[in-house]
Amino acid sequence: MSKSNKLRAFTALIIAAVMIFVVACGDNNGTGVGDTIAVTGITLSRDTHTMTVGQEYQFTATVAPANATDSSVTWRSSNPAVATVSDTGLVSALLKAVL
């Protein structure tokens, strides 16, 4: 596999490894007070990003709608041996990966 393809595969793994969990909460009792405005979507700052070992990239997530009751984002890596992600979405490439 060429170096370019390995980097693309690694990029795909990084994107796949970054999992975003959004939890909306509220009482949704129908009174108009405390009703939940649910998250309807999440958009990442980039769909793909090629990285080499040792590089970092700051992803950002935009939650829709902007007035969602809880728009907090939790970032996680599905394989922290290959790539880590901070609480703010900073991804660090640790190992080469081929898919």
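The values are calculated or read from the model by the stated rules, or taken from the named source; none is laboratory data. What you see is a predicted model; the values in this text were computed from it and never measured. Backbone-built Cβ (ideal geometry, glycine too); neighbour counts: all protein chains shown.
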Sort out which residues of region 73-93 are assigned to a loop (DSSP other than H, G, I, E, B) and either over 26 Å from M51 (Cβ atoms) or over 12 Å from the mean Cα position of the chain (by Cα) (or both), and write them in order of number. N79, P80, A81, V82
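Residue-wise test of (1) at pLDDT below 95; (2) closer than 22 Å to S92 by Cβ; (3) among the hydrophobic types (A, V, I, L, M, F, W, C).
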| position | (1), (2), (3) |
| --- | --- |
| D35 | yes, no, no |
| V39 | no, no, yes |
| L44 | yes, yes, yes |
| T48 | yes, yes, no |
| T52 | yes, yes, no |
| Q58 | no, yes, no |
| V63 | no, no, yes |
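Return the residue satisfying two criteria in turn: it lies in region 15-33 and is surrounded by 15 or more Cβ atoms within 10 Å (Cβ to Cβ) and either modelled with pLDDT of 85 or more or in contact with a strand residue (DSSP E or B) (Cβ under 7 Å, 6 or more places away or on another chain) (or both), and of such residues it is farthest from T84 (Cα to Cα).
Checking each candidate, the answer is V22.
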Just one of S71, S77 is under 20 Å from K96 (Cβ atoms), touching a strand residue (DSSP E or B) at 6+ places or on another chain (Cβ under 9 Å), of a type in the set (S, T, N, Q) and surrounded by 14 or more Cβ atoms within 10 Å (Cβ to Cβ); which is it? S77
